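Before any comments, here is the structure.
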Amino acid sequence: MPADAPAGTYVLVVVSNRLPVDYEEAEDGSVNWRTSPGGLVTALEPLMRSSHGAWVGWPGVADRDFEPFENAGISLVPVRLNEADIEDYYEGFSNDTLWPLYHDVIAPPSFHRETWEAYIAVNRRFAAAAAAVAAPGATVWVHDYQLQLVPRMLREARPDLVIGFFNHIPFPPYGIFAQLPWRKQILHGLLGADVIGFQRLADAGNFSQAVRRLYGYPTRGVVIDVPIGETDQGGQNGESRRVIAKHFPISIDSAGYEELARRPDIQARARQIREDLGNPKTLMLGVDRLDYTKGIGHRIKAFGELLADGRLSVEDVTLVQVASPSRERVSTYMALRDEIELAVGRLNGDFSTISHTAISYHHHSYPREEMVAMYLAADVMLVTALRDGMNLVAKEYVAARFDVDGVLVLSEFAGAADELKQAILINPHDIDGTKDAIVRAVEMPKRERTRRMRSLRRKVAENDVAAWSDSFLRALTGGAAVPAGISDDLDLALQSIAGAENLLIALDFDGTLAPHVDHPEDARAIAGNREAVQALLDLPGVRVALVSGRALVSLQHVAQPQSSVLLTGSHGIEVQLDTPEIELNLLSSELEQLDTLTRVLESISGSIAGTTIERKPAGLALHTRLATEEDGERAERQAREQLGDQLPGLTIREGKNVLEFSVRSSTKGDALEKLRNYTGADRVFYAGDDVTDEDAFGALHDDDLGLKIGQGATLAGYRVRSPHEVTQVLVRIAALRAGQVH
């Protein structure tokens, strides 16, 4: 794939192993394509139609070439796979190596060089197809573990592209990931992306730790500094770019599931299901792919013991287990099917009666309408996954229960457990604990069922699949052109956060309240800013804080804040919270490092024109704003090299024409957490413009508000053009909170 590959015409390209269609061949030989049901296509379909998007993937038919075609308003670009590809790339490396490895080695992974070579070859094919159709500067969003090499291949072929990657399954801890012989190549491939998304906070942390351990790249919160021009062996040329690695928990089309559940025919079908099963007092339901990660055997064992113990009766309780076929040509899955069906047969043989069956077992898939009817029929939903990236079945069950009834029993090892905290959470390995949870669910009073389900439904409705895709793409695309003023979406968000009981307004200074200037000591907040801050300070339940990379002495000089404004400087190393004293305690070893740092940077700055040194309590900053581009790069390169040799443990942050070195590791995210704890704020507004502010955006909670000033990839949910709009935003919050605007 040459680096000068010609550009295509699509401004948004989605790349996944499968196209979002199923192939059907009619009796007359004509080809039909039916849209596959699924949250991903539901989320992206409107966006792809409106933005002239294309979807690259395998059409599901081996050894067949298909020309690009359109289906349901989406342009589809098929990638050919032959039987050998399916055996080696898909069933082999993807599902016999990566899948078990990424799921905590519940089953032993295999490591074969032939399947790895097939994985490389097929990833290259997908990358070439995406590069061929993407327009100049297009956004390409790559999905899942089958295509982890594609981001790097795309970046090398098309450096103009904005590239995102989302991992739908877990990312394992380093001790497990390190078993992979091609571990560095996988990381190298993923780091070709600008934003790498994961299901859970722990998954993103595992990935960042692997990057630190295997490549030694600096990581701060959600930000990873990746050298430009590095090889698989980690060589580098001194320049770097930023990669965001963060959790973006996926969800479902919750409104669509509720709409189905409200249909009279589906409600009638739910009643029929209960009747067909003998109208048990309690109907329990499990819905899974037949996979060893789903804990189906643990669920059956717990249910069988409850029947044997007499804590449940087969006359009162029936378990319906749907186990859709999965990877049936893989020997591990063949053995699993035998094991599960043997367990079901034994349990039914031991406990079923002529009129009551203990387990109604179904080894096939059902259409969505039938599944929603089952959700409505089920009193208890059992999700006992041993390891799961998210588990959307749990969310589907909640979305379908518009009657605000039913109980969800949910494994803490499923990503959904991070959000659905009102479920009964279990450790499925603890059979006794699982049995107790099942009994608790069966016996739960109606009032408690309603309370829990109402909370679960609120969470699923607020964080649906559209919100998931929006948050990821906002972080990825960076807003090439930011309009002036306050957008309607931002104003709605301001109306919401202005009503918080205890509100923390936290603000960066340079580039946020004050325009960037050539000499940092000359920076001043724009006109009207001080009055806007004072209006907020005069309101009850509001605290205002400045969160800066500057030393507090410098921040106080340029910002001249009111006495009640809370201050954090040096990325949280210094704090001044309602006291005249600045809190900072450096160790003797840190003071020695500071002396060495000063000596090295003064030597570099003294020899390269246009560079200056800013002293900070726990470090120094090398400013290159006044230097030529070539001299600035040379100064930063020398600083990295010399300090890397003499002080390898330094924290390094790269900003706009500035390189900051600190002898103590702290981020603006750490500073924001200190302020949140100190003020007791239940909601936080944070505004910043620099890459160092991404650490603060990454520390925000779901109902907080992040505001990015200017362009660039960001984790903030909203953005404005300049510091002038920040002042407008602060005035608007004060007016809303004071009740002057409705």
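If you take the residues of the stretch 459-473 that are more than 15 Å from Asp418 (Cβ to Cβ) and of a type in the set (Asp, Glu), which of them is surrounded by the most Cβ atoms within 10 Å (Cβ to Cβ)?
So the residue we want is Asp464.
Consider the stretch 85-117. How many of its residues are in a loop (DSSP other than H, G, I, E, B) and either open to solvent by 20 Å² or more (accessible area, probe 1.4 Å) or without any contact (Cβ under 8 Å) to a residue 40 or more places away in the chain (or both)?
The number of residues fulfilling the criteria is 8.
Please determine, by comparing only the residues of the stretch 176-198 that are open to solvent by less than 10 Å² (accessible area, probe 1.4 Å) and assigned to a loop (DSSP other than H, G, I, E, B), which one is nearest to Glu156 (Cα to Cα).
Filtering the stretch 176-198 for residues that are open to solvent by less than 10 Å² (accessible area, probe 1.4 Å) and assigned to a loop (DSSP other than H, G, I, E, B), the one nearest to Glu156 (Cα to Cα) comes out as Gly192.
Out of all the residues in the stretch 538-578, which are within 26 Å of Ser665 (Cβ to Cβ), of a type in the set (S, T, N, Q) and in contact (Cβ under 8 Å) with a residue 24 or more places away in the chain?
Ser548, Ser554, Thr568, Ser570, Gln576
For the stretch 614-665, how many residues meet the condition of being assigned to a strand (DSSP E or B) and crowded, with 21+ Cβ neighbours inside 10 Å?
Going through the stretch 614-665 one residue at a time, the tally reaches 12.
Out of the stretch 136-153, which residues are open to solvent by 10 Å² or more (accessible area, probe 1.4 Å) and either of a type in the set (Phe, Trp, Tyr) or over 18 Å from Ser469 (Cα atoms) (or both)?
Step one: filter the stretch 136-153 for residues open to solvent by 10 Å² or more (accessible area, probe 1.4 Å), giving 136-137, 139, 144, 146, 149, 152-153.
Within the stretch 136-153, Pro136, Gly137, Gln146, Leu149, Arg152, Met153 meet the criteria.
Which one is most open to solvent (accessible area, probe 1.4 Å), of the residues in the stretch 693-738 that are touching a helix residue (DSSP H, G or I) at 6+ places or on another chain (Cβ under 7 Å) and assigned to a loop (DSSP other than H, G, I, E, B)?
Ala713
The rows are residues; the columns are (1) in contact with a strand residue (DSSP E or B) (Cβ under 8 Å, 6 or more places away or on another chain); (2) free of Cβ contacts under 8 Å to residues at least 24 places away in the same chain; (3) not aliphatic (A, V, I, L, M).
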position	(1), (2), (3)
Val691	yes, no, no
Val720	yes, no, no
His724	no, no, yes
Leu736	no, no, no
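Taking the stretch 303-348 as the search range and keeping residues that are touching a residue at least 60 places away in the same chain (Cβ under 8 Å), under 26 Å from Thr282 (Cα atoms) and open to solvent by less than 60 Å² (accessible area, probe 1.4 Å), which one is farthest from the chain's Cα centre (by Cα)?
So the residue we want is Leu312.
For the stretch 156-175, how many residues are surrounded by fewer than 24 Cβ atoms within 10 Å (Cβ to Cβ) and more than 21 Å from the chain's Cα centre (by Cα)?
Total meeting the criteria: 5.
Can you tell which of Leu620, Leu626, Leu643 is aliphatic (A, V, I, L, M), more than 27 Å from Lys708 (Cα to Cα) and over 28 Å from the mean Cα position of the chain (by Cα)?
Answer to the selection: Leu643.
Report, by residue number, each residue of the stretch 432-446 that is open to solvent by 30 Å² or more (accessible area, probe 1.4 Å) and touching a residue at least 12 places away in the same chain (Cβ under 8 Å).
Across the stretch 432-446, the qualifying residues are Arg440, Val442, Lys446.
Quickly run through the stretch 336-364 and pick out the residues that are of a type in the set (Phe, Trp, Tyr) and farther than 12 Å from Ile296 by Cβ. Even if it seems obvious, please write down each step before you answer.
Filtering the stretch 336-364 down to residues of a type in the set (Phe, Trp, Tyr) leaves 351, 361.
Across the stretch 336-364, the qualifying residue is only Phe351.
Please tell me if Phe165 is in a strand (DSSP E or B) and either out of contact with any Phe, Trp or Tyr (no Cβ under 6 Å at 6 or more places or on another chain) or more than 25 Å from Glu660 (Cβ to Cβ) (or both).
Yes: the conditions hold for Phe165.
I need the full set of residues from the stretch 578-599 which are at pLDDT 90 or above and either under 30 Å from Glu531 (Cβ atoms) or among the polar types (S, T, N, Q) (or both), in order please.
Thr596, Thr598 - these are the residues of the stretch 578-599 that are at pLDDT 90 or above and either under 30 Å from Glu531 (Cβ atoms) or among the polar types (S, T, N, Q) (or both).
Only one of these conditions is not met by Arg449: (1) open to solvent by 60 Å² or more (accessible area, probe 1.4 Å); (2) in contact with a strand residue (DSSP E or B) (Cβ under 9 Å, 6 or more places away or on another chain); (3) not aliphatic (A, V, I, L, M). Which number is it?
All conditions are met except number (1).
List the number of the failed condition for Ser570; all other conditions in (1) of a type outside the set (A, V, I, L, M); (2) within 33 Å of the chain's Cα centre (by Cα); (3) modelled with pLDDT of 90 or more hold.
Only one criterion in (1) of a type outside the set (A, V, I, L, M); (2) within 33 Å of the chain's Cα centre (by Cα); (3) modelled with pLDDT of 90 or more is unmet by Ser570, namely (3).
Hey, which of the strands (runs of 3 or more DSSP E) in the stretch 493-612, taking only ones fully inside, have at least 2 residues that are surrounded by fewer than 20 Cβ atoms within 10 Å (Cβ to Cβ) and among the polar types (S, T, N, Q)?
Where strands (runs of 3 or more DSSP E) fall fully within the stretch 493-612, none carries at least 2 residues being surrounded by fewer than 20 Cβ atoms within 10 Å (Cβ to Cβ) and among the polar types (S, T, N, Q).
Output yes when any residue across the stretch 68-84 is in a helix (DSSP H, G or I), out of contact with any Ser or Thr (no Cβ under 9 Å at 6 or more places or on another chain) and open to solvent by 20 Å² or more (accessible area, probe 1.4 Å), and no when none is.
Yes, the conditions are met somewhere in the stretch 68-84.
Where in the stretch 230-343 are there helices (runs of 4 or more DSSP H), lying wholly inside it, with at least 2 residues that are hydroxyl-bearing (Ser, Thr, Tyr)? Please lay out each step first, then the result.
Working: elements: 254-261, 264-276, 296-309.
Result: 254-261.
The values are calculated or read from the model by the stated rules, or taken from the named source; none is laboratory data. This structure is a prediction, so every number in the text was calculated from the model and none was measured. Cβ: placed from backbone, ideal geometry, glycine included. Neighbour counts: every protein chain shown. Surface accessibility is based on the protein's heavy atoms, side chains included, excluding ligands, DNA and RNA. Shrake-Rupley method; radii C 1.70, N 1.55, O 1.52, S 1.80 Å.
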